[in-house]
Structure formats: C-alpha cells, structure tokens
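**Q** Okay, here's the structure, questions in a sec.
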Amino acid sequence: MSSDWTRREFLARATASLAFAGTGGNFHARAAGPSALRGRFLTHVSVVRVNQIEVTPNRSIGEDEAIDNRPDRIRSRREAFAAGCPNGRMTWAISWLALNDSRKEYQEARRLLASYHDRYGDEITFIPGGYFAPMYNTREQTRQTIHNALRQISGMVGSGYRPQCLVAGFMDAENQRYLAADEGIHVCQGQIWSQHGIDNGDGDGGICYPYFPSREHYLKPAQGPADFIDCVCLDGWTCDFLTARREGFQGGFNSRLGVGPIETVGNLGIVAGRKEMLDTTAVHFDSGHAMNNFGWVTAIWEVSIGHDEDLTYWLEAVRDRWPDTHVITEGEFGLEWRKHTPNNATLDYRFDAKGTGAPGSEKELEIQWFMNSEFRLALLRDWTHDSPPLAIDFTRYDLKAEEPHSLQREWSLMNVLNQKGTRPQDKPRRLREFSIEDQHRIYARYPELKSRP
C-alpha cells in the first residue's frame, strides 16, 4: 500500500485510514466524531446449498445442485478468496438441506466450513428459504426454522460459536425483531435492494446502505423508538444504479447488473464483465466514499455458480486500487455500523453515478440518489446535454406501511413515485411538479435542490 496515497486521501477528505484486511481485523478509524463510521468496506458471502431454491425445509424449486456444492468446489471458493485477499474474512451461508444432508460429501462440507471459522475467522451462518422465506413460509414457520438451524450451526462449529448475522435474501420485519430480541443477533442481510421482476421475490423501496427497520415494514427505516428494531438490515447485492432503475429485464437489459458474476462476466464476457464489476465498485469507493465518508460493496455468490477466478480478480483489483479497503464478515460490518449509529436519526446517504456504458447503464445518463430516514429520492438526467433532472423515485417513509399477510412474491414498499415505473403514477417528473407539501419536505433536507429547474 502506498503511504503517500493514503496521506493524500486523509488530507483531502479527512477520512479514516484503514489497512486492508491483512491487519488482522482491527479498526483504525480516525473519525471526526464518535458516531461517524469511516472507511471502505467489502463483504463477501458464499452460499452452500443442495437445491437451487429451498423455499421451505420440505420443498424446493429449481435444480438439484449437490454436485456443484461438493467439497472441492467449497475449497476452490475459499482458495480464490484467499488469493485475492490473503487475510480477509468472509461469510458462509448454509441452507437447511445442506445442514441436514447425511451424504458423506455434505458431512465433509460442514466440517470444512467449521474449519474455516477456526483457521480464518470466517462467519458461518444460515440462509432460510433460499432467499425467499417470506414468500413461501409463514412468519412462525420461518422463526422456528431459523431457531433450529442456528442451534445446529452452533453445534457444527463448536466451542460455543454463534454467528453475528443471518443471511436471508428477504426477511420480514417481525423475524428481524425476533433475531435481535430472542436470538441475540443484531445484523440481518434482510433485503435485496431494488429487486423487482426477477427470480421469486419482489422488494423495491428500501435503502441500499445499513438502517434499522421499522416494525411496520422491513424496507421502512424505523421512525422512532416505538417502531424501532435493533437489527441492522443489509442489502445483498451492490448493483449499478442505472440498470437497477429498470423493471426485471425491461428493454432486454438485466436490472441486477453490478458486482455479481452471473450478470456481468457470465453475460458480458470477461473483459466487459470485470470492467462493470469495478465500475460499480468505484461508485461506492470513490464519489460515494467522498459524500458518505464510508463506502460499502457487497455480493452473495453461490458456490454452485463457480466464477472463482473472477472473485480473485475482483478482490485483487480492489486491493490495488483502494488499498485501505477492509474485507470483513457480514456480521462484523453490521455491528461496526451499529456501534457508530444507534438509530436512524443521522441517516443521509447520497450517491451520484454516471452510466458505465454497460448494457442498460447509458453513458449519457446520470442518477443521483438521496436516502434518509424520512424518504428516498432519485433524480435522473442527461449530463451530456445538461438537461434538467427528472425525479424517478420518491418513496416516503413517514407514511403508514404494512407488509403482506399472505404468501406472495410482492414485498415492495411503493407510495408516491417508484423508479421501476410499474404503476400508472410512476411517471418521471420535475421537482416542482410534486405537491407543495412534498416540495417542502425535499427542500428542507436538501435546500440545494431548490435551484434545480
């Protein structure tokens, strides 16, 4: 790591200087205040499973992937991670069937995961419902499965081990409350930001960086002590903000394009795919880091998909370009954020991204996101012609929200204006076309937007 580069970064932005994961995991943040989390963070989760989507303990959808989760594939994933980040720590999420399969291969897989905790400090946790537990299980069914699985994982790893987080894809608010109150786990990868029209669940409307959820809805930041859940809710995949504004595969583009290998290298090829992975990372580690004082990039890669060489490449490229990045487990990151952030009062995330040129990420477009505890707002414009921005999303969090009571795929939070454009009212508009009340709400938070045409 270049010490000159680090000093320039510190003097220019007064941010933390964090050693890459080789420091053994100690944080050395030189924050401006006690509540400010500083630095660059990367979390990687690998999933070990039997079936492609294990929606309940007794029901699966998709292909049997046992052959692609064999021990040598798990070893290959861990070796690829170590090659890219020699002293980093990662999170492993194991499915219900993989926890209970009696075949020799899965017995060895479980032994391997336990050894990775002992040797590297990796986190071993559970993934319920194949990402989609709320879509296929009642809240009580999910709660009981989580409780039983966590007990099994503690026994599998031994020495009183307890994971610091749950990896869930989507997780309802009540079970995030249960995790904190009854299981003592205060971090949940509980939402897949901006996913809509892909796979088996829809969930657009939340914040892509950490927040404490409301008891009303898992995508709504808690508005005060009465609806506060002391469980840090984390996104599962960092996506390109331009492609993520789309519905599913609208226009023939993949709205989930970002740092995941299936959508990037798998669809675009090695050169274009790896470039998109780094371009998406840069949004958070360059301009995002400057605006928010910290940057966070994350992704969940199933062992069965392979792409181990792309994981190594990505981690090496991050280490070369942003040598202060701290690569830690999901639980460690969530708890570090929680230590600095006791509630949602100070949430104010801002992102400014220009298109990368990848399919669906138009080079001439620029998107700005403003996310706080009261609302989220997205502005889109053609920066090459200096065109006036149009609001494509305005989701208010002060309004009453309610999660589904039945088993269904739609778990989004949409009210005033949503970026996906799936409803008649979701038409891009100027800020001055909002109600006077909403204009006041926006300008009170961001007075600089008053000057926008």
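The values are calculated or read from the model by the stated rules, or taken from the named source; none is laboratory data. Predicted model, so just to flag it, every value in this text is computed and none were measured. All Cβ positions, even for glycine, are placed from backbone atoms using ideal geometry, and neighbour counts span all protein chains on display. Areas reflect the complete protein model, heavy atoms only, side chains present, ligands, DNA and RNA absent. Shrake-Rupley method; radii C 1.70, N 1.55, O 1.52, S 1.80 Å.
**Q** What about residue 259, is it at pLDDT 95 or above, in contact with a Ser or Thr (Cβ under 6 Å, 6 or more places away or on another chain) and surrounded by 18 or more Cβ atoms within 10 Å (Cβ to Cβ)?
**A** yes
**Q** Pick out the one residue from 314, 296 that is in contact (Cβ under 8 Å) with a residue 60 or more places away in the chain, open to solvent by less than 10 Å² (accessible area, probe 1.4 Å) and in contact with a Phe, Trp or Tyr (Cβ under 7 Å, 6 or more places away or on another chain).
**A** 296
**Q** Also: Could you tell me which residue of segment 63-119 is surrounded by the fewest Cβ atoms within 10 Å (Cβ to Cβ), considering only residues that are more than 19 Å from residue 326 (Cβ to Cβ) and of a type in the set (S, T, N, Q)?
**A** For segment 63-119, the residue satisfying everything is 102.
**Q** Picking from 189, 164, 152, 176, which residue would you name as being in contact with a Gly (Cβ under 8 Å, 6 or more places away or on another chain), in contact (Cβ under 8 Å) with a residue 12 or more places away in the chain and in a helix (DSSP H, G or I)?
**A** Residue meeting the stated conditions: 176.
**Q** Among the residues of segment 138-158, is any under 19 Å from the mean Cα position of the chain (by Cα) and modelled with pLDDT of 95 or more?
**A** Checked segment 138-158: no residue is under 19 Å from the mean Cα position of the chain (by Cα) and modelled with pLDDT of 95 or more.
This table checks each residue for (1) surrounded by fewer than 24 Cβ atoms within 10 Å (Cβ to Cβ); (2) aromatic (Phe, Trp, Tyr); (3) modelled with pLDDT under 95; (4) more than 22 Å from residue 165 (Cβ to Cβ).
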position	(1), (2), (3), (4)
209	yes, yes, no, no
223	yes, no, no, yes
233	no, no, no, no
244	no, no, no, yes
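**Q** Of everything in segment 140-174, what is more than 22 Å from residue 229 (Cα to Cα), of a type in the set (Ser, Thr, Tyr) and out of contact with any strand residue (DSSP E or B) (no Cβ under 8 Å at 6 or more places or on another chain)? Give them in sequence order.
**A** Once the filter is applied, which keeps residues that are more than 22 Å from residue 229 (Cα to Cα), of a type in the set (Ser, Thr, Tyr) and out of contact with any strand residue (DSSP E or B) (no Cβ under 8 Å at 6 or more places or on another chain), segment 140-174 yields 154, 159.
**Q** Oh, and also: Mind listing whichever residues of segment 374-397 are open to solvent by 20 Å² or more (accessible area, probe 1.4 Å) and assigned to a loop (DSSP other than H, G, I, E, B)?
**A** Correct list: 374, 383, 384, 385, 386, 387, 388.
**Q** Among (1) crowded, with 17+ Cβ neighbours inside 10 Å; (2) of a type outside the set (Asp, Glu); (3) touching a helix residue (DSSP H, G or I) at 6+ places or on another chain (Cβ under 6 Å), there is one condition residue 350 misses while meeting the rest; what is its number?
**A** That leaves (1) as the condition not met.
**Q** Could I ask something else about it? Would you check if residue 124 is modelled with pLDDT of 95 or more, assigned to a strand (DSSP E or B) and open to solvent by less than 50 Å² (accessible area, probe 1.4 Å)?
**A** Taking the combined requirement at face value, the residue satisfies it.
**Q** Follow-up. Does segment 266-291 hold any residues that are farther than 15 Å from residue 317 by Cα and open to solvent by less than 20 Å² (accessible area, probe 1.4 Å), and which are they?
**A** Once the filter is applied, which keeps residues that are farther than 15 Å from residue 317 by Cα and open to solvent by less than 20 Å² (accessible area, probe 1.4 Å), segment 266-291 yields 288, 289.
**Q** Kindly indicate which of 431, 377, 407 is over 30 Å from residue 346 (Cβ atoms) and either of a type in the set (Val, Ile, Thr) or in contact with a helix residue (DSSP H, G or I) (Cβ under 7 Å, 6 or more places away or on another chain) (or both).
**A** The conditions single out 407.
**Q** Can you pull out every residue in segment 398-453 that is open to solvent by less than 40 Å² (accessible area, probe 1.4 Å), under 26 Å from residue 382 (Cβ atoms) and in a helix (DSSP H, G or I)?
**A** Within segment 398-453, 431, 438, 439, 442, 443, 449 qualify.
**Q** Cβ-Cβ below 6 Å, separation at least six or inter-chain, first residue in segment 121-135 and farther than 17 Å from residue 160 by Cβ, second of a type in the set (Ser, Thr, Tyr) and in a loop (DSSP other than H, G, I, E, B): which pairs?
**A** 127/95
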